[in-house]
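J.: Got a structure here, written out as structure tokens. Questions coming.
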Amino acid sequence: VKKIIKMSILSEEKKKIFELFNQKKYAKVLKIYKKNKEFNQNEPEITKLVITSEVFQKNYFSAEQIILRFLKKFDTAEFNYLLGNILKLQSKFESAANAFQKAITLDNKFSEAYNNLANVQKRLDLIEDAIQNYKKSIDLNPNNLEANYNFANLLKDKKQYNEALKKYEKVLKINPSFPDVYNNIGTIYSILGKFDECRDYFVKSIRLNKYFAEPYKNYVQATKINSNDKIFHLLKDILIEKNLSDDQKEIFYYSISKAYFDTGEDNLAFNNLKLANDLKLKKMNYSKKLQNKEFKEIKEFFTNHSDAKEKNNDDNKTIPIFILGMPRSGTSLLEQIISNHSKVFGGGELNFLPEAVDASGWRNDRSLKDITKYIRKKYYKNLETISKKNFVTDKLPGNFKRIGFIINALPESKIIHLERSPMAVCWSNYKSNFNSDGMAFTLNQENIAEYYLSYRNLMNYWYEKYAEKIITINYEKLVNNFEKEVKDLFVKLDLKWEKQLYEFHKNDRPVETASFMQVRSKIYKNSSEQWKKYKQYLKPMTDILSRNGIKF
């Protein structure tokens, strides 16, 4: 009789757990579960609900412990798969990969496990393994939406844009109402310079979800907004609403700010730009102190270490062309010009050098010779994966901080430093919406001006040490005396002149930076004067630059 009563009580509590779970009362689900050890041992379906409840409560470690206990009795593919998901949520990617692999060992037809294994392999930078597992997941279930979408995103990240487009179109066949996919397709078309197509896709994304902020930002960036633009009016309406998250507000403020600049409503443009920048800065881990420390450490390192240049005696046939300087100084335009040469591949903003330098241990007082050997090996290993051409451009502006490492580790490389009018650069940085945490200094006028001073100081140091190794291009001279400056540049690069080099705007290579529209157009000569229209709004920047003797 006692057993029957106990089973009856358990049955009622199981029923209650299902009801509470469906009502999203996860804390109450967990309370009932913890009172009944029987559930812990013999109820897989209840345990799944409890694990999910722990996840919704963000109790990831508790969820992990429940699964580990349960796996001792029910070592199934499904519970190993759940374990992998919980470990992934805790950023335990290697352990998550092992759990997904175990699930696949127990069930080699488990499409979702292959997909999630690929996801963590991507996080572990095991890209080729991830590709194979996405393919396996899709082979097992061609309509696996997540696998197709994740694979498309990986192809986009790898800049295999045409293949990514095909995969995104496959996703839309499975689910035609997926706003993220329309936005991603639009983004690829903007990178490829197909602006009519990209706008169409951004609008389709917005129609599916008017609160999805990203396509608004992308549409506005790819469009010269006029006062009749329907997306512009939709933005105004949305910003009146009160239930927007800070993340949504940030992007909507940026978007409407750019629209107001286009329509000449400067007060509204600056007000919304400041709102966006303030929201973004609030969530970023920005430290001016750490930033200044980095500049100081670089100078001290190269002051205290004699050069230890690596010899070009290996099998590397490709020579990097580093294009560097302040962000928004015209580096994208210069790369577009140089990569129009038949012997040059436009690599874009590569992270290869900062990754190699950061991993080299230079801050740990290792010998410069050991550091440069490491950087050279790691850098070329990555570079050879993107092109076999004679030259590859590496257009990461922030590499100006790493000129000493370039000259020692990659002495055969070319270094082009692009200079531009200080206020043109500072203003352009302030109005741009960068995705990188490393660009947090651009969110505040005072921070931008002080960063510019640090940049100028470090470049003066490099010129004292390595002037003969740095090709200097002045942006204003380049655009005002274009033909002469371009011909002189290719002489300095030891590249034979080719007739198409003046027609850089016809270069159809992908462009991912904020300048993706400008580099598709012919030279605009007066862009460095634009900031003067907004002089009254830019006093925090101009005051700091003036006090430090910077002329503009």
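J.: Percent relative contact order of region 143-198, based on C-alpha pairs within less than 8 angstrom and at least six residues apart?
T.: Relative contact order for region 143-198 comes out at 28 percent.
J.: Apply 1/(1 + (r/R0)^6) to the Cβ-Cβ distance of Ser367 and Phe18, taking R0 = 51 Å, and write down the FRET efficiency to the nearest 0.05.
T.: Approximately 0.20, to the nearest 0.05.
J.: Give me D for region 198-350 in µm² s⁻¹, whole number, from Stokes-Einstein with Rh from the Kirkwood sum over alpha-carbon pairs, 37 °C and 0.692 mPa s.
T.: My calculation gives 167 µm²/s for D.
J.: Between region 324-396 and region 20-92, what is the C-alpha centre distance in whole Å?
T.: Cα centroid of region 324-396 versus Cα centroid of region 20-92: 46 Å apart.
J.: How far is helix 44-56 tilted, in degrees, relative to the longest principal axis of the Cα atoms in the chain, given as a value from 0 to 90 rounded to the nearest 10?
T.: The angle comes out near 40 degrees.
J.: Okay, next question. How far, in degrees from 0 to 90, does helix 266-283 lean away from the longest principal axis of the Cα atoms of the chain, to the nearest 10?
T.: 60 degrees
J.: For the chain, build the charge dipole from Cβ charges (+1 Lys, Arg; -1 Asp, Glu) around the Cα centre, then report which of Ser245, Asn22, Ala424 sits farthest towards its positive end.
T.: Selected residue: Asn22.
J.: Roughly how tilted is helix 111-123, in degrees to the nearest 10 and between 0 and 90, from the longest Cα axis of the chain?
T.: Rounded to the nearest ten degrees, it is 40.
J.: How large is ³J(HN,Hα) for each residue in region 151-167, as worked out from phi by the Karplus curve 6.51 cos²θ - 1.76 cosθ + 1.60 (θ = phi - 60°), to whole Hz, x for Gly and Pro?
T.: 5, 4, 4, 5, 4, 5, 4, 7, 6, 8, 5, 5, 5, 4, 4, 4, 5
J.: Which entry in (i) 46; (ii) 54; (iii) 33 matches percent of Cα pairs over 36 Å apart derived from the coordinates of this structure?
T.: Matching entry in (i) 46; (ii) 54; (iii) 33: (i).
J.: Let me ask something else about it. Less than 9 Å Cβ to Cβ from Ser137, Lys/Arg counted +1 and Asp/Glu -1: what total charge do the surrounding residues give?
T.: Combined, the nearby Lys, Arg, Asp and Glu give -1.
J.: Per residue and in cubic angstrom, what volume does the convex hull of the Cα atoms of region 313-434 have?
T.: 111 Å³
J.: Near Ile403, within a Cβ-to-Cβ distance under 11 Å, what is the net charge of the other residues, with Lys and Arg +1 and Asp and Glu -1?
T.: Summing Lys/Arg as +1 and Asp/Glu as -1 gives +4.
J.: Hey, can you rank 531-544, 175-188, 367-380, 113-126 by average C-beta count inside 10 Å, highest first?
T.: In descending order of packing, they fall as 113-126, 175-188, 367-380, 531-544.
J.: Quick check on packing: order 286-293, 297-304, 44-51, 25-32 by the mean number of other C-beta atoms within 10 Å, highest mean leading.
T.: Ranking, from highest mean packing down: 44-51, 25-32, 297-304, 286-293.
J.: Mind giving me the FRET efficiency for Lys381 and Phe552? R0 is 25 Å, r the Cβ-Cβ distance, nearest 0.05 is fine.
T.: That pair, Lys381 with Phe552, gives E of 0.05.
J.: Same structure, new question: Can you give the net charge of the other residues whose Cβ lies under 12 Å from the Cβ of Arg199, counting K and R as +1 and D and E as -1?
T.: 0
J.: Taking the Cα-to-Cβ direction at Lys535 and at Asn108 and moving 7 Å from each Cα, how far apart do the two end points lie in nm?
T.: 7.5 nm
Any read-out appearing in this document is the output of simple, stated calculations on the displayed coordinates, not a laboratory observation. Quick caveat, the model's predicted, so the values are computed rather than measured. Cβ coordinates were reconstructed from backbone atoms using ideal geometry, including for glycine residues, and neighbour counts include every protein chain displayed.
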